[in-house]
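J.: Sharing a structure here in structure tokens format.
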Amino acid sequence: MIAEFNRRQVVWGVLGIAGALVCYVLAWLFFRYGAAMALHAFGFSTGSAPWLAFAALGGISFSGWRTWKKDEGFQSYSESVFYHDLGSAADTAGAHIVDHYAGQVTGPAYVLSQLFLGGPLLLLKSIHRLRSRIPDDAGLEPKLAHLLAVLHAAGKWQGLADYPGQEREVFLLNRMKKIDFSQHKGKVRFKARTSDGI
């Protein structure tokens, strides 16, 4: 159980780091060549374009870190600041036309924002995955298997008071997604997942 969980964390962690690198490279290319085109259009030297791109990556990384610290992540289009719907607010032809043309700008901007944030968010999530591996202490695997079997036999929601001295095992089973877990109003409740075999 522990080895399988740790192996899954490593695989997803490595894939996430690879995805983060792809997002960072795409963001750097976008800002590198976008800055070069803008500088050239205004008659300036394009030699500073790489530095502008690195500054943009620094801003993206900081924004991604702040998003991560707030326990947020990727957003759907309707949750983002780019979402608009003038058509339902004002049911007129003009509102629908403005909504259509605005969507041609905000849609690609939303996709780019999620792509750029993908670098830091995937990197931070991957680091978290790699750090959340469970040390395979002697005797821990049988304890977890036994507690999971007891929870399956109980088949109901219970609290930590029902399992004194086994708090660590409960939290590790939760980390491995072997149990349903709730912490509503600070009160910990858990039960074995009915779909999960022992």
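J.: Karplus couplings for segment 123-133 from phi (6.51 cos²θ - 1.76 cosθ + 1.60, θ = phi - 60°), rounded to Hz, Gly and Pro as x?
T.: Running phi through 6.51 cos²θ - 1.76 cosθ + 1.60 with θ = phi - 60° gives 5, 5, 5, 5, 4, 4, 4, 5, 7, 8, 5 Hz.
J.: Do any of 156/185; 125/156; 70/143 go past 29 Å between their Cα atoms, and which?
T.: 125/156; 70/143
J.: Heavy atoms only, 1.4 Å probe, whole protein assembly: order 46, 194 by accessible area, highest first.
T.: Result of the area sort, largest leading: 194, 46.
J.: Report the label-to-label distance for residue 63 and residue 193 in nanometres (one decimal), using points 7 Å from each Cα along the Cα→Cβ vector.
T.: My value for the distance between the label points is 3.4 nm.
The values are calculated or read from the model by the stated rules, or taken from the named source; none is laboratory data. If you're wondering where the values come from, they're calculated on a predicted model, not measured in any experiment. Cβ: placed from backbone, ideal geometry, glycine included. Neighbour counts: every protein chain shown. Heads up: the accessible areas ignore ligands, DNA and RNA and are worked out on the full protein's heavy atoms, side chains in. Shrake-Rupley method; radii C 1.70, N 1.55, O 1.52, S 1.80 Å.
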